Amino acid sequence: MVRQAWAEVNLQALKDNYYKLQAYTQSEMMPIVKADAYGHGIIPVVKTLMNCGAKRFGVALLQEALELKAAFPKLDIMVIGAPEIDQWDTYVKEDIIPAIFNFSQARALSEAAVKLGRRARLHLKIDTGMSRIGFRDTDVSEIVKIGSLPSLFIEGIFTHFATADQKDLTFARQQLKRFEILFEKLKKAGLKIPIRHAANTAAILQFPEAHFELVRPGIGLYGLVPSSQVGAQVGLEPVMSWKAKVSHFKKIKTGETVSYGRTFQAAYPTAVATIPLGYADGLRRALSNYGEMLIHGRRSTMIGRICMDQTMLDVTKIPGVKVGDVVTILGKDGYEQITATEMAEWLGTISYEITCGISQRVPRIYLEPIGND
Ligand SMILES: *Cc1c(COP(=O)(O)O)cnc(C)c1O
């Protein structure tokens, strides 16, 4: 490896998390691997989860689906986001399942399928309260019309919860009810849809009524809790750690300053370690003079502004720091741990944004699972 900064992806932890989540449900799991598996690397993640028994995967974009198809041609892949408006032929040819939420999409898919002499699968997306994409409860007749289009197979119907990660499931229950009522109406109108799905990680953990035939775990697979209110008891293990090696060490005098804008001024003689990683790697600049990293099993504060490619740490209280020492940005060092959840709290965001934000410039190192079961 050329670079002195990297992310370690522990595929054994991924497997363990998969089985921990599966223990919460009888339903089939469709792992969500959008955004390069939340930054973990889609191909190794999918390969590992296939070994765990996962057969069907969800991504957000056709582009992501095609990357997966190229590696695993037989895999069942669904695009859970809005389908690309001019790519129906590709959906049909590759047998990638789109999320359909209006009649014109369905008609275009049907036309492509007829033209190519194939049958196209689709899942209906229902908006029960996210107000993002999806049919609404007033669209029953529009959905029923889809049922009579040629060369289509309505394999699934799904919705997504806005608040499944809160302890209070009042709104989620309303969403579930809307989904069930709509499903019943479609059934009465003659649409037989074999697969219903609604549950993200949070709903897998605390909302069993919403599991149906299929569930859609994302964040939990990567070992992170969906929110501070849900998932702490599961014992999920973070899959990704993020590390770098100290590139420079020096002492500065009282009054000297660090980095652009001189926002850090030493109030005492200060030992400074430079880390070869910055905001271009996804270390958010908003953490300047605030965030922490682990070194020698202890916490040290980022001082001065985080640069594009470099960051400085105050290691005054940590003896023996030298060039080449490993610094942990995310992960464990001794008894200390910094999780993506903690970093997200520093920034007023969620762990999802942290792992997705670790840029492609950071090489991923894969720790293979122990054995194959
Ligand atoms: C991202 C996503 C998921 C996974 O959610 P997690 O909270 O990561 O488990 C499930 N369903 C849909 C529609 C999504 O967009």
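The values are calculated or read from the model by the stated rules, or taken from the named source; none is laboratory data. Computed from a prediction, not measured in an experiment: that's the story for all the values here. Reconstructed Cβ throughout: ideal geometry from the backbone, glycine too, with neighbour counts over all protein chains shown.
Within the span defined as segment 27-40, every residue fails to be away from the ligand (no atom under 16 Å from the Cβ) and out of contact with any Phe, Trp or Tyr (no Cβ under 6 Å at 6 or more places or on another chain).
Scan segment 135-143 and give yes if some residue there is in the same structural domain as Ala23 (by TED's automatic domain parsing), away from the ligand (no atom under 16 Å from the Cβ) and not in a helix (DSSP H, G or I), otherwise no. Within segment 135-143, one or more residues are in the same structural domain as Ala23 (by TED's automatic domain parsing), away from the ligand (no atom under 16 Å from the Cβ) and not in a helix (DSSP H, G or I). When restricted to residues that are under 25 Å from Gly223 (Cβ atoms), assigned to a strand (DSSP E or B) and hydroxyl-bearing (Ser, Thr, Tyr), segment 276-335 contains 3. Taking (1) surrounded by 15 or more Cβ atoms within 10 Å (Cβ to Cβ); (2) more than 16 Å from the ligand (Cβ to nearest atom); (3) of a type in the set (Lys, Arg) in turn, Arg196 satisfies each apart from (2).
Kindly provide the set of residues from segment 144-163 that are in a loop (DSSP other than H, G, I, E, B), in contact (Cβ under 8 Å) with a residue 40 or more places away in the chain and either within 12 Å of the ligand (Cβ to nearest atom) or in contact with a Cys (Cβ under 9 Å, 6 or more places away or on another chain) (or both), ordered by number.
Within segment 144-163, His160, Phe161 qualify.
Look at segment 209-226: where a residue is closer than 20 Å to Met240 by Cβ and a partner is of a type in the set (Gly, Ala, Ser) and in a loop (DSSP other than H, G, I, E, B), sitting 6+ places away or on another chain with Cβ atoms under 9 Å, you get Ile219/Gly231; Gly220/Gly231; Tyr222/Gly39; Leu224/Gly231; Val225/Gly231; Pro226/Ala164; Pro226/Gly218.
Can you name every residue in segment 223-238 that is more than 8 Å from the ligand (Cβ to nearest atom) and under 15 Å from the mean Cα position of the chain (by Cα)? Gly223, Leu224, Val225, Ser227, Leu236, Glu237, Pro238 - these are the residues of segment 223-238 that are more than 8 Å from the ligand (Cβ to nearest atom) and under 15 Å from the mean Cα position of the chain (by Cα).
Screening Glu213, Glu256 for residues that are among the acidic types (Asp, Glu) and within 16 Å of the ligand (Cβ to nearest atom) leaves exactly one candidate, Glu213.
Those residues that are hydrophobic (A, V, I, L, M, F, W, C) and closer than 8 Å to Leu294 by Cβ, I need them from segment 330-342; list them, please. The one that is hydrophobic (A, V, I, L, M, F, W, C) and closer than 8 Å to Leu294 by Cβ: Ile338.
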